[in-house]
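Q: I am attaching a structure below and will ask some questions about it afterwards.
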């Protein structure tokens, strides 16, 4: 093999190596930029949804208070034939967090409902901080 062939082969190996390193470097950089952009978008979306939920709870605060203090449920028996039935409601209320799946969400509501039942009839238990305190028993 001639010296010129050896030098040409060495340049080819160096060029392929440098190209591979450069492409890998660009790939890592592009991946990091994309990841940061996705996280920023998810954060913005989560904040927006949080604001929507907060607004929803504020606008429905009166209805939640009325439900919690309802005199209709549990105080007026319903007649069915010759029997009277009294209906009581115990509720567990929570909000969906991005890390929860539906099973965790239902278990959390269920646990809160049983805590409400432990306190008596016609109770509401919640872990939502923005609910009025007099609604939560």
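The values are calculated or read from the model by the stated rules, or taken from the named source; none is laboratory data. No experiment lies behind these values; they were computed from the predicted model shown. In this analysis, Cβ positions are derived from the backbone assuming ideal geometry, glycine residues included, and neighbour counts consider all displayed protein chains.
Q: Consider the stretch 105-129. How many of its residues are surrounded by 16 or more Cβ atoms within 10 Å (Cβ to Cβ), touching a residue at least 40 places away in the same chain (Cβ under 8 Å) and either within 21 Å of the chain's Cα centre (by Cα) or more than 12 Å from residue 94 (Cβ to Cβ) (or both)?
A: 1
For every residue, the table says whether it meets (1) under 51 Å from the mean Cα position of the chain (by Cα); (2) loosely packed, with under 10 Cβ neighbours inside 10 Å; (3) under 30 Å from residue 95 (Cα atoms).
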site	(1), (2), (3)
2	no, yes, no
7	no, no, no
12	no, no, no
17	yes, no, no
22	yes, no, no
26	yes, no, no
30	yes, no, no
42	yes, no, yes
45	yes, no, yes
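Q: What residue, of 57, 34, is at pLDDT below 90, surrounded by 10 or more Cβ atoms within 10 Å (Cβ to Cβ) and out of contact with any strand residue (DSSP E or B) (no Cβ under 9 Å at 6 or more places or on another chain)?
A: After applying the criteria, what remains is 57.
Q: Looking at the stretch 85-104 only, could you name the residues that are in contact (Cβ under 8 Å) with a residue 12 or more places away in the chain and more than 30 Å from residue 43 (Cα to Cα)?
A: 86, 87, 88, 89, 90, 91
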